[in-house]
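The values are calculated or read from the model by the stated rules, or taken from the named source; none is laboratory data. Remember, it's a predicted structure, so these values are computed and weren't measured experimentally. Ideal geometry is used to build each Cβ from the backbone, glycine not excepted, and the neighbour counts take in all protein chains shown. When the accessible area is computed, the model is the full protein with side chains, heavy atoms only, and any ligands, DNA or RNA have been set aside. Shrake-Rupley method; radii C 1.70, N 1.55, O 1.52, S 1.80 Å.
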Amino acid sequence: MLNRENSIHTLQNNVVQEHAGIKFQELPFMTKINLRGNPNDKKFLSSANEVLNTILPTRTNIYIKIDSLKIIWLGPDEWLIVDEKGSDKQDLFSKLENSIGSQDASVTDVSENRTVIRIMGKKLFMLLAKFLTLNLDNSLNSSSSVAQTLFIRVPVLLMRHHEHNREPKIDIFTNRSHANYVYKILVDGTQNLDF
Amino acid sequence: MFLIKCPYCGERDQSEFNCGGEAHIVRPKNPPDLTDDQWADYLFMRKNIKGIQFERWNHSNGCRRWFNVTRNTATDEILKIYNMGEQPPIVTGIAPKTPSGETSIGSGNISTSYTKK
Ligand SMILES: [Zn+2]
């Protein structure tokens, strides 16, 4: 298996860095597959459901979790499938490709496109609000919320993990080439969080 | 800056969107039959109204979907958001608001009697 370096140099090998009570981690490599197809096409839906063992989410801006998989709504006909087991990449991809590839749909391996920065901490929303135009209370209001938005100028996908009244935990999906920039800005933003 | 209510994602900042120009421009069925003037008219000529304008917008940094917007270009007030392929809402007779409340004279009048060529 390929030994991939993380995009953020100070966060290699699952290291967790803490700045002013906010913990940062860059998650190890994960399989990411972009799936597009018509949500009204029964054949497409049933083939996808069979491989993934669950129903593709049609509600906007949510994700569902099943085993090591997360299936994220990206658009009315577009999903991102994330498999924590980066090692099984070929396996999941070929399964999807075999059952859906010949239909009027697309399966694209986008694993190398984005990396995931995980941040945790009580004042997380306060930190994020410094850099986002997004209304976090509306857009990340449940433990299955995702939101695609701009972080300063960088396209990001935010994924909420924590339950209500638990310590906030958010994954930020960002292009690998932008990861260091996003990380540095976030760390800089932790400097005056204690007001 | 203003907020746009994406049909899928809800209210988001304008910076997440891109405007795709005037909506409801139909591609001519037989381009070879057109004169250069007619073809250029289809390709390049767009209305730039002070008042109510129909536009295509794309939520490019969100769900990346297209939709139509009826916007008052003088105030950025959005009157209606509707799907691609739908007919534009009827706005004839609506006097578009102006930023300081002055009467919508001059070019503003064009939009009150908006008709497609
Ligand atoms: Zn959207």
Expressed as a fraction of 2.2 N^0.38 Å, the rule-of-thumb size for a compact globular protein of N residues, what is the C-alpha radius of gyration of the range A:31-109?
0.97
Would you mind checking the tilt of helix A:176-189 against the longest principal axis of the Cα atoms of chain A, expressed as 0 to 90 degrees and rounded to 10?
30 degrees
Relative to the longest principal axis of the C-alpha atoms of chain A, give the angle of the C-alpha long axis of helix A:89-100, reported between 0 and 90° and rounded to the nearest 10°.
40 degrees
Please list, by residue number, every one of the chymotrypsin sites (Phe, Trp or Tyr not before Pro) in the range A:17-61 that is coil in DSSP and has at most 10 other beta-carbon atoms within 10 Å.
none
FRET E, pair B:THR98, B:LYS5, Förster distance 22 Å, beta-carbon r, rounded to 0.05:
0.45
Alpha carbons only, please: Rg and Dmax for chain A, in angstrom.
17.1, 57
Ranked by accessible surface with a 1.4 Å probe, highest first, in what order do B:MET84, B:MET45 come?
B:MET45, B:MET84
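Taking every pair of distinct Cα atoms and averaging 1/r, then inverting, what Kirkwood hydrodynamic radius in Å comes out for the range B:3-113?
Kirkwood radius, the range B:3-113: 15.4 Å.
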How many nm separate the modelled label positions at A:ASP88 and A:ALA129, each set 7 Å beyond the Cα in the direction of the Cβ?
4.0 nm
Using a 1.4 Å probe, how large is the accessible area of B:CYS9, given in Å² and rounded to the nearest 10?
20 Å²
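My understanding is that a pair violates if its Cα-Cα distance is over 22 Å; which of A:LYS43/A:LYS85; A:LYS43/A:LYS89; B:LYS5/B:LYS97; A:LYS130/A:LYS184; A:LYS32/A:LYS95 do that in this structure?
With Cα atoms farther than 22 Å apart: A:LYS43/A:LYS85; A:LYS43/A:LYS89.
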Could you please put B:LEU79, A:LEU27 in sequence from largest to smallest accessible area, using a 1.4 Å probe?
B:LEU79, A:LEU27
In the range B:2-33, trypsin sites (Lys or Arg not before Pro) in a DSSP loop with at most 14 other beta-carbon atoms within 10 Å:
B:LYS29
